[in-house]
Amino acid sequence: MNKSKRPFTKSKRSFRRRLPPIQSGDRIDYRNMSLISRFISEQGKILSRRVNRVTLKQQRLITFAIKQARILSLLPFLNNQKQFER
């Protein structure tokens, strides 16, 4: 038998670092809708920092920008449009 001695070895997968969602040149601002909309779920909720993969400082700025955009009615507070799929 030509089997390895350790049957449960970890597979060697190639690990590629994910690119950060916010580049160094991006300004986190309530007017930057293309950036802000990436951090909101389909229901209109702010995604968590772990899901976003951003730093604590960036998450605070994102949250503040989203809240400002909501107050100025650039973003909805809730997105209750349920789509029925059959």
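No value in this document is a laboratory result; all are computed from the given coordinates. Just so we're clear, the structure is a prediction, and the values are computed from it rather than from any experiment. Virtual Cβ from ideal backbone geometry, glycine too; neighbours counted across all protein chains shown.
Summary table below
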read-out: Counted charge near I71, where neighbours are those whose Cβ lies closer than 15 Å (Asp, Glu -1; Lys, Arg +1); value: +2
read-out: Integer Hz, Karplus 6.51/-1.76/1.60 couplings in order for region 66-78, x for Gly and Pro; value: 5, 5, 5, 5, 5, 5, 7, 6, 7, 10, x, 6, 10
read-out: Assigned charges on the beta-carbon of Lys, Arg, Asp, Glu; region 12-62 dipole about Cα centre (debye); value: 440 debye
read-out: Relative contact order of region 20-69, pairs being alpha-carbon contacts under 8 Å that are 6 or more residues apart, as %; value: 46 percent
read-out: FRET E, pair I71, Q43, Förster distance 30 Å, beta-carbon r, rounded to 0.05; value: 0.95
